[in-house]
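Beneath this line is the structure, given in structure tokens, with notes to follow.
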Amino acid sequence: MKTEYRIRKVKLGDAEQYIKLTNLVWRSAYKNIFPESVFTARENEERINRMINGFAEHAIHNPNYFSYVAEADGKIIGLMGGSYRSQYEHFQEESYADLQALYIHPDFQHIGLGKTFFDLFVSKIKKKGITKFVIGVLKDNKQARKAYEKWGGKLDTYSKPFVREGKEYAEVFYTYDLENCKQI
């Protein structure tokens, strides 16, 4: 059965669903990587309220950031967020854009929604004349890494620690050069 959804720009009223979907996807994607305490901390009501209160400033009013959601039957089933300038210092010198968030509800994965968001991100940065971008991902997130490789990403030699609750996890980076990338 084909899922009907629509892609649209994020709006202020999306904050709670957006944040809760992010938490749900984290729990699903990282359940075998992070301890339960990481998810419990993210799902804390006080933290969620802080995130909701800061949502507009980050996701809507930030001129360097853009975000879209996929909606089916009035519910957000996926989201994508990117910036025209990488948040990673290592990639700022060469003016990389940054695909910062690409989260699909576990029940709606493998229907092409991730690639649809990926293509939308590429379209947005191309319109700004940007030809390079980066995606940071936990080294142990094999499912996401497989998709990024399929979409033409090259594993960069740079990596850095991603710290949660005092423990380090390796974060690796896939780079894309739109001038040389045939698969996009």
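The values are calculated or read from the model by the stated rules, or taken from the named source; none is laboratory data. Quick caveat, the model's predicted, so the values are computed rather than measured. Cβ atoms come from the backbone with ideal geometry, glycine included; neighbour counts cover every protein chain shown. Heads up: the accessible areas ignore ligands, DNA and RNA and are worked out on the full protein's heavy atoms, side chains in. Shrake-Rupley method; radii C 1.70, N 1.55, O 1.52, S 1.80 Å.
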Flag if ALA59 is farther than 28 Å from THR131 by Cα, part of a helix (DSSP H, G or I), in contact with a strand residue (DSSP E or B) (Cβ under 9 Å, 6 or more places away or on another chain) and not acidic (Asp, Glu): no
Whichever residue in region 126-182 is of a type in the set (S, T, N, Q) and open to solvent by less than 90 Å² (accessible area, probe 1.4 Å) and, among such residues, is nearest to PRO35 (Cα to Cα): ASN141
Which listed residue is of a type in the set (Val, Ile, Thr), in contact (Cβ under 8 Å) with a residue 24 or more places away in the chain, farther than 22 Å from LYS20 by Cβ and out of contact with any Pro (no Cβ under 9 Å at 6 or more places or on another chain), from ILE125, ILE104: ILE125
Evaluation of ALA56 against (1) at pLDDT 95 or above; (2) open to solvent by less than 50 Å² (accessible area, probe 1.4 Å) (one fails), failing number: (1)
Total residues in region 1-32, condition within 16 Å of ILE104 (Cβ to Cβ) and part of a helix (DSSP H, G or I): 15
The lone exception for GLY78 - which of (1) surrounded by fewer than 21 Cβ atoms within 10 Å (Cβ to Cβ); (2) closer than 23 Å to LYS11 by Cβ it fails: (1)
Residue within region 27-39 that is at pLDDT 95 or above, among the acidic types (Asp, Glu), open to solvent by 80 Å² or more (accessible area, probe 1.4 Å) and out of contact with any Asp or Glu (no Cβ under 8 Å at 6 or more places or on another chain) present: yes
